[in-house]
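What follows is a short report on a single structure.
The values are calculated or read from the model by the stated rules, or taken from the named source; none is laboratory data. The structure presented is a predicted model; accordingly, all values stated were derived computationally and were not measured. Cβ sites come from the backbone with ideal geometry, for glycine too, and all protein chains shown count toward neighbours.
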Amino acid sequence: MLDSARISVLLASDFPILSESLLSIFKNTQDIHLVGCASSEDELVQQMEKFRPDVVLVDISITCDKFSALLARIRKSHSKILVINQDLSPAQTIDALRSGADGVIGRGTTATMLCKSVRAVTSGDIWVDREVTTELVHFLRIRNSPEEKAPAPPRATQAPPASIPAASESDENRFGLTKRELQIINALVEAQTNRDIAETFGISEYTVKHHLTSIFDKLGVYNRVELALFAINHKLCPAVPAQV
């Protein structure tokens with residue numbers, strides 16, 4: 001019988017060496033357990049019913065043509081979903097998140113970061129590598145730019161997340177953000193770490209964390225990735241000039 005205190009993980013991949021690597025990684029943890037590996041969609045469904053995993057790691061190569069449908073099917077089981085792929089475009093990453101994925105990681109992710117991502121999505125966070133976040137921000141800025149010559153075709157992969165409404169000129173006042181909070185949002189969207197932000201504004205990292213907590217509460221987001229996507233889609237950046 002599986003220890004209910006441990007995070008059960010099911011891998012969906014037709015890449016054998018990946019399952020061997022994950023088994024080795026999770027053996028060195030106290031709280032994560034790889035319960036199985038499915039190499040096809042049918043096998044995945046069977047193992048999900050058998051193990052009822054907390055997290056399903058989905059290697060996108062297993063079903064490129066039915067990816068969104070597969071994510072929706074997994075979602076119905078209430079398992080968290082981590083997508084494994086090295087070459088997803090920003091549009092595809094957004095589409096994966098909109099289709100039900102709780103996170104996107106690359107095959108080159110370190111063992112430490114892999115375990116952190118599993119724990120994060122299990123606790124309800126969305127996980128996207130910082131490098132991917134920067135690409136997403138760049139993509140959204142280009143897509144939302146008023147200087148864009150022609151509108152993008154109406155494809156699902158290019159639509160903003162359904163939970164994020166259209167921006168308005170009064171967004172900043174409507175959300176009740178202070179000048180400093182807007183400055184910190186802008187710095188975060190530029191992929192600055194808490195330490196970078198602290199140095200930029202001459203404040204402590206503790207103060208940065210306090211500001212972020214306030215921002216999360218005001219905007220109804222739960223992590224830095226959601227905040228970055230929210231800020232871009234609501235045109236909260238660039239923020240007001242820094243005033244230390």
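So which helices (runs of 4 or more DSSP H) are wholly in the stretch 2-107 and hold at least 3 residues that are surrounded by 15 or more Cβ atoms within 10 Å (Cβ to Cβ) and modelled with pLDDT of 90 or more?
16-27, 41-51
How many residues does the stretch 1-49 hold that are closer than 22 Å to Arg107 by Cβ and in contact (Cβ under 8 Å) with a residue 24 or more places away in the chain?
27
Within the stretch 203-223, how many residues are at pLDDT below 85 and within 16 Å of Leu177 (Cβ to Cβ)? Give the steps one after another, and end with the answer.
Filtering the stretch 203-223 for residues at pLDDT below 85 gives 221-223.
Imposing the further condition that a residue be within 16 Å of Leu177 (Cβ to Cβ) reduces the set to 221.
Going through the stretch 203-223 one residue at a time, the tally reaches 1.
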